[in-house]
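One structure below.
The values are calculated or read from the model by the stated rules, or taken from the named source; none is laboratory data. Predicted model, so just to flag it, every value in this text is computed and none were measured. Glycine also receives a Cβ, built like all others from the backbone with ideal geometry; neighbour counts cover every protein chain displayed.
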């Protein structure tokens, strides 16, 4: 597939005050985004450059980042599934399963916190969690650094991009830079909002009205990302000991809350929920129509919807209009 | 110790001399006083002695024995080994004999972080942080400059708290104690917090004398940090400039039965009872072995 990455060269004024010297300052980039989108937040300590993105993409697809060289990031984030995983739980090394569904990485650069429970603060630091987790890539960072350093091509690339060799800092920067370029937009719904009224059919428009009204989806799935990035308990019954964000904060009010995911490309990102328990959008709608399971700490926003069968189908039809044209298409795993 | 005073009252009156002395009082004396009060850049002290470059040695123990990986120890009747034994110490304060506090700081480092509202910020870490990697032996750390003189205590925190514990560990300089370590993990990437105490090892669960089951106690989170104060008189001087702290890792796990499957693995939230037992022992594991030459 042809990668289409819109990169505009910014002046060094963008970097004034950052104190960044060396290769990273030579050709900093600004990422183009669809109309109506905020700029992708790019931290000053990790500017985007074409070479860095190339390096990050290569690392993203490199199975040597896992203990037994069987798993890469792309092994659980499939480009043709909007960089999500069509399996409920992603198998790691030795076939080990985790407890959460791999979320989509599309527009991940906009997220304030990473993971279903917001456990990671930055996209840079986030990469180490799956690399180190024994049920994912199970990789010792010291061994990983030696593997990367032993590859003359990587040694050269890291030096060209960062002015230094592979390290935890440069590895995480490269991966984060690539992931920030994974953007999407331009769905039929976007075109409708821009004034192209013919972009949605009558059924889809009825679905949109339900989304914003009776079905109450927009109370959480709003904004240009179709998520408010809040942590909510949407009435999913617990499976096992996963307590959601409470695992991070230890707060009772965070029991079974998970980050509200973006609904962009929801047609492509089945299965659904934090553990991939719902195979279809019909399953999802049925859950919300029931008013959740009444589990402890369920959000009061989750109430029975009393949708008719026709309304359910209209709502699903609308959800399918949220499928974007992916801006970045990369190398298949 | 009080600063020396320069008495001018005995000097005879001479206008020219008086002008000269006025100039001296105006310009030279303040310089003299400032130079007496100048401290080393690593210490913030209200004392006045000459700064001394001090190191901190943290020695790992297992009960009365020096801690060493590969050694089999008796722990509550069971054989155990230690593979990892590391502890984060921070917020060091030395108290002088006249009650002044000397806080130890370090070269500031600015890194990406999240504030308490989960907003992106940069944060400057200037607190002196020590990662004692006692599975590798004695942990020797440059402490910085502190005023020479008599002290009555040293206090520190077991752990890293507050904004210091909400940073991106991947972006520290490679030699900084808070950088992401590449041998034994020191920071929960999945939960964005430092592991204050990390102990890993094996235990003999079937009583045949050979260790066979992995155990680990990883403790973090602000609420689990503990302050330690070692009340001991000591003197810091040019020839007495290494502070020797001993940490008994067996004390941390003193109340655990490592042969019990329910007391073999904790990372805090996944086994709160086991974690609580370890946390309750954090502040009692440290002693001051002395202050001596390096």
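Here are a few things to note about the model shown:
- Test result for residue A:228, out of contact with any helix residue (DSSP H, G or I) (no Cβ under 6 Å at 6 or more places or on another chain), modelled with pLDDT of 95 or more, part of a loop (DSSP other than H, G, I, E, B) and surrounded by fewer than 21 Cβ atoms within 10 Å (Cβ to Cβ): yes
- Looking only at the range A:231-246, and only at residues there that are within 11 Å of chain B (Cβ to nearest Cβ) and surrounded by fewer than 20 Cβ atoms within 10 Å (Cβ to Cβ), the one that is nearest to residue B:191 (Cα to Cα): A:242
- Scanning the range A:101-126 for residues that are under 21 Å from residue A:71 (Cα atoms), assigned to a loop (DSSP other than H, G, I, E, B) and within 8 Å of chain B (Cβ to nearest Cβ) returns a single hit, A:115.
- Residue in the range B:65-80 that is in contact (Cβ under 8 Å) with a residue 60 or more places away in the chain, in a strand (DSSP E or B) and on the phi > 0 side of the Ramachandran plot present: no
- Meets criteria (outside the structural domain of residue A:62 (by TED's automatic domain parsing) and within 25 Å of the chain's Cα centre (by Cα)) for residue A:304: no
- If you check B:108, B:112 for being within 14 Å of another protein chain (Cβ to nearest Cβ), part of a strand (DSSP E or B) and touching a residue at least 40 places away in the same chain (Cβ under 8 Å), only one passes: B:112.
- No other residue among A:249, A:329 is outside the structural domain of residue A:206 (by TED's automatic domain parsing) and at pLDDT below 95 apart from A:329.
- Number of the condition not met by residue B:45 [criteria: (1) modelled with pLDDT of 95 or more; (2) surrounded by 16 or more Cβ atoms within 10 Å (Cβ to Cβ)]: (1)
- Test for residue B:251: is it modelled with pLDDT of 95 or more, within 21 Å of the chain's Cα centre (by Cα), closer than 20 Å to residue B:68 by Cα and surrounded by fewer than 21 Cβ atoms within 10 Å (Cβ to Cβ): yes
- Taken over the range B:209-247, the residue count meeting the criterion of being surrounded by fewer than 15 Cβ atoms within 10 Å (Cβ to Cβ) and on the phi > 0 side of the Ramachandran plot is 1.
- Selection of helices (runs of 4 or more DSSP H) fully inside the range A:133-219 by the criterion of at least 1 residues being farther than 27 Å from residue A:84 by Cα, within 14 Å of chain B (Cβ to nearest Cβ) and out of contact with any strand residue (DSSP E or B) (no Cβ under 7 Å at 6 or more places or on another chain) returns A:141-150, A:152-162.
- Residue check, residue B:281 under 14 Å from residue B:159 (Cα atoms), free of Cβ contacts under 8 Å to residues at least 40 places away in the same chain, in contact with a helix residue (DSSP H, G or I) (Cβ under 8 Å, 6 or more places away or on another chain) and more than 14 Å from chain A (Cβ to nearest Cβ): yes
- Exactly one residue out of B:268, B:201, B:209 is modelled with pLDDT under 95 and away from every other protein chain (no Cβ under 14 Å), and it is B:209.
- Remark: pairs (first residue in the range A:157-172, at positive phi; second residue in a helix (DSSP H, G or I); Cβ separation under 8 Å; 6+ apart in sequence or on different chains) = A:163/A:23; A:163/A:24.
- Single condition residue B:118 does not satisfy, out of (1) within 14 Å of chain A (Cβ to nearest Cβ); (2) at pLDDT below 95; (3) buried (at least 22 other Cβ atoms within 10 Å of the Cβ): (3)
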